[in-house]
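All remarks here apply to the structure that follows.
The values are calculated or read from the model by the stated rules, or taken from the named source; none is laboratory data. Predicted model, so just to flag it, every value in this text is computed and none were measured. Cβ coordinates were reconstructed from backbone atoms using ideal geometry, including for glycine residues, and neighbour counts include every protein chain displayed. The accessibility values were calculated without ligands, DNA or RNA, using every heavy atom of the protein model including side chains. Shrake-Rupley method; radii C 1.70, N 1.55, O 1.52, S 1.80 Å.
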Amino acid sequence: MFVPQEHQSSTVDPPPPPPFDPTQPSIPISYPIKTLEDLGSRAYFKSFHYPFNICSVPLENSVLDNRPRVLVCHDMQGGYVDDKWIQGGSNPDAYAIWHWYLIDVFVYFSHNLVTLPPPCWTNTAHRHGVKVLGTFITEWDEGKAICNKLLSTKESAHMYAELLSELAVALGFDGWLLNMEVKLELGQIPNLKEFISHLTQTMHSSLPGSLVIWYDSVTIDGNLRWQNQLNDKNKPFFDICDGIFVNYSWKEDYPRSSAAVAGDRKFDVYMGIDVFGRNTFGGGQWMTNVALDVLKKDDVSAAIFAPGWVYETKQPPDFQTAQNHWWSLVEKSWGAVKFYPKTLPFYSNFDQGHGYHISVEGGQVSDAPWNNISSQGFQPFLKFTGNPSPDTIEVFVDFKEASYRGGGNITFKGTLEENTDFTTIIFQGELLMDAVPLHITHSVKSEGDSLLGLSLHFSSAANERTSVLLASWGTNQFSRKFSKIIEPCQVNKPRTAPGWAVLESSIEMNGYTLTEIHAVCYRPKHEHSQPRLEHRTDGSEDTLTYSPKEYHAVLGHITINTSKENTYFPPSSSWLVEGHYIKWSSGSQGSKTVSVKIDWKLKDGTDSQFPKYNIYVEKLPKQAVRNHGVGLGGVQEYLGVANVEAFYVSELPIPATTSSLKFIIQVCGVDGVCQNLDDSPYFQLDVKATTVGGRKMFQLFSYVERNNLINPWAHSTNGQQLLGCKSHGKLGIRHFEWFDSLMCERSKAVTRGLLQSTSRMEIRELLRLPSRETKIWVFMILSMVFVILLCTLSNGKWGKETLVFP
């Protein structure tokens, strides 16, 4: 993965970076809105970064379950840390949450006026069925001044409410947490209620199922006094929005009394728990479950604030272990609230959104450390076991072991005797089956006779239980454990890396519900194996057993669908790919760097339904380029992943020997399958520079397909586009047939301007050039004249409009 190099430290302090200008092209980031003026001007929508910040994963079910819920408020190191890099960062140990099956609502929080959730959080939360809220907060003296303007009139309150609603809808998140932590004048309260009510109503009309939640801070009489419960001081705000986040300094009987005040809306009361333990009931930290137990008993919802405590305080032994341990306390107290698979297709590569490599079809395409929460797949329901004993199987998501797709997998490692098995749950689902068969594909990599299968557990409407084992061979030991055993077919895919087995199975269970998916680790009994007598120390009888042996297997991915067919990918010619904001910089020894924003869309105007795109570049050397768009091939360097139809390449190094850059957009389907690179759309950029009179001229060509010329000659900009042209002839000089009259006129005007500009160059400028460059310019001029003559002959429409050089 290409990551821009940071400046090396030196004895001389580098100059401070220029102020952040969101209108200028740069590596896409997420950032908050800090002033009411910026909110009111809608400046955010003019930002270069805005299109990159749009969520790409819709929330399938927008209705909250009618039960006690879990809201998690992020608040991690002030926000916008490693997660601000939309196209991914380089920290493999970046903070992330992956226990989404324990969460109903996620709030992204910072102490800025308008906190917009980075799309990585919204993408992965939506994938798991979790709502995402931004935060609007006013605090301290600055917040007081903001409220004076915000609440000055009913109209201003409505206007800013509508602006917040517009932002949420445009960026694809699901509502707002309102935190007004300032003292207000009593006369401002009516307009505050207008603000809350209008925001709630506008959000509901614009985005059904959205939420506006009030934080327990300012009271109905304008005082900043946290009530730590729902009562008559804050209920008027609760009554005009979707819920209240109660401050975390509550006492044991407050949840019960708050539920009584809320009546039939008791599940909309989210009692706060500060994981840092700051004056919170139960003490937070490793005792967070104490408060959760009380809330569960009193039948109200929970609001867990700052679970990043585990990460920020570096809880031992390491973040991965400590995180799994802490969330296991939440699960023990509250239980799972989300279940999947629930809809089809279902796909997971077990990626947690950070790691040390990236793989595609088992082949490693990048060995650079990375983080990108958007890349999280559906997260497995792995049970935390603490310190596993050496005579069992340890199950964990691994980032350093080889992956089939992405940067993670589930690894099973330990010891296992022959003719025995080990089973563990990986998913809890609610998938209702019909008459259409299920097709299950999974990838496995194992050592020796370490075998790995999957078991599917079903339940009928009459609560009948059925289990089906999917296992390749050596399954005699399971004859009494499962209702049915299916032997998968191994699929031979030419792009699959050695060592991986891709297995396919089909099953029909009409009327049943898929409730669980388990991994089954086993070692078959070998014909010549001899059992040994094992002496029991617990007083029971000695038994005959087989010698334990090291077990090691990896589950790369699982896909469940109703069709054997993979995703259909439109051919390369169906896409329009363009480059914008092209910026060149010179390096040492003739090298260069280039920055460019690449956009793509389907030519027919339909919205793409693809969840992600892998981006590669080929740096073709001069001898490898035979003609524009026709290369002899090169190394495909992985640059990163895009979740929207745009990617920004920043300061890509280009060796002096490079003649052409080919940026490849590899389309990936919801089933995890990616398009063949040779069939993928691409954008090609020729890298040739000539100095004329001290000014550099670049050839900038972009290609959607080999026969479409998009950009003509230009200076260091994109130039003007020549669309609507169709090429004829063999390689080399081509003429163009204009089939659109408006485009014909436009093309003639552009061509006339180019030739006029060329003719004005003094001949002595050309004579100063080296002989090779002189030949290039002469060839250019003659080629353009030849094109015009061919066009004139081909359509006969130019008549008296002969181009004359002044």
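The packing ranking of peptides 40-53, 249-262, 187-200, highest mean first, is 187-200, 249-262, 40-53, where packing means the average number of other beta carbon atoms within 10 angstrom of each residue.
At full extension, residue 603 and residue 221 could sit 131.7 nm farther apart than now, given 0.36 nm per residue minus the alpha carbon distance. The share of accessible area on segment 633-673 that comes from carbon and sulfur is 56 percent, using a 1.4 angstrom probe.
Classify segment 346-468: rounded, prolate or oblate, from the alpha-carbon gyration tensor (a ≥ b ≥ c, eigenvalue square roots; a/c under 1.5 rounded; otherwise prolate if a/b is larger than b/c)?
It is oblate, given that a/c is not under 1.5 and a/b is not larger than b/c.
Beyond 28 Å in Cα-Cα separation lie the following of the pairs 46/603; 338/493; 400/612; 131/597; 84/297; 131/612: 338/493; 131/597; 84/297. Give me P(r) over segment 143-190, computed from all C-alpha to C-alpha distances, binned every 5 Å, as integer percentages. Distribution as computed: 5, 18, 26, 24, 16, 9, 2, 0 percent.
Share of carbon and sulfur in the accessible area of segment 39-80 stands at 51%, probe radius 1.4 Å.
With a cap of 14 neighbouring Cβ atoms within 10 Å, and only residues DSSP puts in a loop, list the GluC sites (Glu not before Pro) found in segment 433-508.
Values: sites: 447, 464, 504, 508; in loops: 447, 464, 508.
Those satisfying the criteria are 447, 464, 508.
If R0 is taken as 41 Å, the Cβ-Cβ distance between residue 515 and residue 574 corresponds to a FRET efficiency of 0.50.
Grab the beta carbon distance between residue 265 and residue 37, set R0 = 45 Å, and tell me the FRET efficiency rounded to 0.05.
Computed FRET efficiency for residue 265 and residue 37 comes out at 0.80.
Panel values: segment 239-362, Kirkwood radius from alpha carbon pairs, Stokes-Einstein at 4 °C and 1.567 mPa s, translational diffusion coefficient 78 µm²/s.
Mind running the shape call on segment 549-594? Use the C-alpha gyration tensor, a ≥ b ≥ c as the square roots of the eigenvalues: rounded below 1.5 for a/c, prolate if a/b tops b/c, oblate otherwise. It comes out oblate by the Cα gyration axes. In the complete set of protein chains, residue-level accessible area for residue 241 is approximately 10 Å², probe 1.4 angstrom. Of the solvent-accessible surface of segment 581-621, computed with a 1.4 Å probe over protein heavy atoms with every protein chain present, carbon and sulfur atoms account for 45 percent. Over all Cα atoms in segment 62-111, the spread is summed up by Rg and Dmax: 13.4, 41 Å. A 32 angstrom limit on the alpha carbon distance is what I want to check against. Which of 34/332; 484/549; 34/154 exceed it? Cα-Cα > 32 Å for 34/332; rest within.
Model label points for residue 589 and residue 550, set 7 angstrom from Cα along the Cα-to-Cβ axis, are 4.3 nm apart.
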